[in-house]
Amino acid sequence: MKLHEYQAKQIFAKHGVRIPRGALAENLQDLRKIAEELGGKVVLKAQVLVGGRGKAGGIKKALSVDSAVEIAEKMFGSSLKGEIVKKIYLEELIEIKEEWYLSIALDRVEKCYSLIFSTAGGIDIEEIAQKFPEKVIKVKIDPRWGLWDYQTREVLSKAKISSELWKELSNVIKALYKILVEYEAELVEINPLALTPNGLIAADAKINIDDNALFRHKDLEALREYGGVDEVERKALAEGLNYVKLDGYVGVIANGAGMAMATMDLIYLGGGKPANFLDIGGGAGAETAKKAFEILSMDKNVKVIFMNIFGGITRCDEVAMGIVKAFKELNLSVPIILRLSGTNEEEGRRIIEKELSGKVEVVETMEEGARRAVEVAKWQ
Ligand code: GDP
Ligand code: MN
């Protein structure tokens, strides 16, 4: 989960990293007030969860309150790399003498954290590495021991940082590492870390939290925004279903991600196009099965649903009851093709036969199911 710049900056400030004075605006009235409080000379920063906002026009300077409002009028509601701008973070203009780069990120391959520093910041780290490879300093941090002081000193001396900035930069590096560990982040980045006449200030801030650790950070989870996520996907996510919308028309419900992928492949092989990926997971009960139908029925492009269940820990009779429930509670109008195989399959079929005869077409194999689904979709 990515935090917005303004959220990440709050965390930085709490840990002693200096940030410019600023506040968040969600409408023009607030924005005007904030611009006045900041003295008129401000930078407007679109709060969207994409990188490179500067180049894309999401970072603008204003020298007066009126011009800040004028810029904001255009910025609010505009699309930045596919994300609609709803919030603008306003900051006092700072005088930047140099732009540095500092980040600590999880390196899954090396099983460590990797600290990267460069005095050639302000641009993407990939670009820095390409243009000034000699200016990129990389230090591995073993999570068992954490960041050693000698490692910080190594960064400072390799980067030839002048001695009066040693203490300040070491403190920023240490704070960053502390934040990374405390919030279980995958990435903590300051780019640019601005060298100003008054010392170092984090002009930008990035924190990406490891999704698998989010349950330990309820306060952060509350900040979660589903930027750029489709409405159906949002609902599926809220229901805890593993759903990805695609642009086809054959709805897919399967248990297990591998099974869902294989089902999609078969639909493609049969000349059709899947409308989605939906894995209801191992051990899915009737309620989950019902929810799956609810999600798919929200997608107007779905012409037919192919439900492909191989019962291991998932019980076919439970799934069948879910389908019955879905028919009772939802207004299902699309044809349904069903393959039920494995644990309690006879019982499952009996339930479908008894309750939904003529409404659900039961097939023997997944190949047959995919073929039928593509065929049936043609008639719709
Ligand atoms: P990004 O493009 O999404 O990474 O957005 P940044 O927050 O890094 O802003 C891009 C660039 O805008 C920075 O590299 C700075 O050059 C400039 N910038 C951002 N904030 C300020 C500021 O307060 N004062 C000045 N002078 N420049 C700023
Ligand atoms: Mn930046």
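What follows is calculated from the coordinates using simple rules that are stated; it is not laboratory data. If you're wondering where the values come from, they're calculated on a predicted model, not measured in any experiment. Ideal geometry is used to build each Cβ from the backbone, glycine not excepted, and the neighbour counts take in all protein chains shown.
Note the direction-averaged projected area, equal to a quarter of the hull surface, for the Cα convex hull of the stretch 145-284, in nm².
Here the figure is 13.4 nm², rounded to one decimal.
For the chain, give the share of DSSP beta bridges that are antiparallel, in percent and rounded to the nearest 5; count only bridges with both residues there.
Of all bridge pairs located within the chain, approximately 70 percent are antiparallel.
To the nearest 20 Debye, how big is the dipole of the chain about its Cα centre, given +1 on the beta carbon of each Lys and Arg and -1 on that of each Asp and Glu?
Taking the Cα centre of the chain as origin, the dipole is about 580 debye.
Once you have the alpha carbon radius of gyration of the stretch 98-221, what is it after dividing by 2.2 N^0.38 Å, with N set to its residue count?
1.04
Which aspartates and glutamates, on any chain, are close to K160 with Cα under 18 Å apart, when same-chain ones fewer than 8 places away are left out?
Answer for K160, where 18 Å is the Cα cut-off: E98, E99, E134, D149, E168, listed by chain and number.
What are the semi-axes of the equivalent ellipsoid for the stretch 320-380, taken as the square roots of 5 times the Cα gyration tensor eigenvalues, largest first, in whole Å?
So the three semi-axes of the stretch 320-380 are 19, 17, 8 Å.
Under the Kirkwood approximation for Rh and a Cα-based Rg, what ratio Rg/Rh is obtained for the chain?
So for the chain, dividing Rg by the Kirkwood Rh gives 1.11.
Put +1 on the Cβ of every Lys and Arg and -1 on every Asp and Glu Cβ in the chain; which of T263, L180, F12 then has its Cα farthest towards the positive end of the dipole?
Toward the positive end, the furthest listed residue is F12.
What longest region of the chain stays clear of chymotrypsin sites (Phe, Trp or Tyr not before Pro) that DSSP places outside H, G, I, E and B and that have at most 14 other Cβ atoms within 10 Å?
In the chain, the maximal stretch lacking such sites is 227-380.
One-quarter of the Cα convex hull surface for the stretch 231-379, in nm²?
With every direction weighted equally, the projected area is 7.3 nm².
Take the eigenvalues of the Cα gyration tensor for the stretch 21-158, scale each by 5, and report the square roots as semi-axes in whole Å, largest first.
36, 16, 14
Calculated from DSSP H runs of 4 or more alone, at -39500 (n - 2.57) each and per residue, what is the 222 nm mean residue ellipticity of the chain, nearest 500?
Using -39500 (n - 2.57) per qualifying helix, the result is -11500 deg cm²/dmol.
Looking at the stretch 251-352, which trypsin sites (Lys or Arg not before Pro) are in a loop (DSSP not H, G, I, E or B) and have at most 13 other Cβ atoms within 10 Å? Each step should come with its number before you reach the end.
On the way: sites: K290, K291, K300, K303, R315, K325, K328, R339, R349, R350; in loops: K300, K303, R315.
Here the trypsin sites (Lys or Arg not before Pro) that fit, given the DSSP loop and packing criteria, are K300.
Between M261 and E126, what length in nm is gained on full extension when 0.36 nm per residue of separation is reduced by their alpha carbon distance?
Working: separation 135, 0.36 × 135 = 48.60 nm, distance 3.31 nm.
Taking 0.36 nm per residue and subtracting the Cα distance, the gain is 45.3 nm.
Can you give me the Kirkwood hydrodynamic radius for the stretch 21-92, using every pair of distinct Cα atoms, in Å to one decimal?
11.6
Which loop-located GluC sites (Glu not before Pro) does the stretch 227-321 contain, where loop means any DSSP state but H, G, I, E or B and the Cβ has at most 15 other Cβ atoms within 10 Å?
Of the GluC sites (Glu not before Pro), the ones in loops of the stretch 227-321 whose Cβ has at most 15 other Cβ atoms within 10 Å are E239.
How large is ³J(HN,Hα), in whole Hz, for each residue of the stretch 301-307 in order, when computed from phi with the Karplus curve 6.51 cos²θ - 1.76 cosθ + 1.60 and θ = phi - 60°, using x for Gly and Pro?
Karplus-based 3J(HN,Hα) across the stretch 301-307 equals 7, 6, 9, 7, 10, 10, 9 Hz.
Hey, with R₀ at 35 Å, roughly what FRET efficiency would W379 and I313 work out to, going by the Cβ-Cβ distance, to 0.05?
The computed FRET efficiency comes out at 0.50.
Can you give the FRET efficiency for E134 and K167, using 1/(1 + (r/R0)^6), R0 = 30 Å, r = Cβ-Cβ distance, to the nearest 0.05?
With a Förster radius of 30 Å, E is 0.75.
Select from N171, A205, A129 the residue farthest towards the positive end of the dipole of the stretch 98-221; place +1 on Cβ of Lys and Arg, -1 on Cβ of Asp and Glu, and compute about the Cα centre.
Sorting the options by dipole projection puts first N171.
Hey, got a sec? Which GluC sites (Glu not before Pro) in the stretch 329-380 land in a DSSP loop and have at most 11 other Cβ atoms within 10 Å?
Filter output for the stretch 329-380: E364.
Give me the net charge for the shell around K60: Cβ to Cβ below 13 angstrom, other residues only, Lys and Arg +1, Asp and Glu -1. Numbers along the way, then the final one.
Working: positive: K41, K45, R53, K55, K61, K74; negative: E70, E73, E91.
Counting the neighbours of K60, the net charge comes to +3.
Please determine, in degrees from 0 to 90 and to the nearest 10, the orientation of helix 257-269 with respect to the longest principal axis defined by the Cα atoms of the chain, where the helix direction is its Cα long axis.
The angle comes out near 70 degrees.
Compute the long axis of helix 28-37 from its Cα atoms, compare it with the longest principal axis of the Cα atoms of the chain, and write down the angle in degrees, 0 to 90, nearest 10.
20
Compute the normalised compactness of the stretch 231-310: alpha-carbon radius of gyration over 2.2 N^0.38 Å, N being the residue count.
0.97
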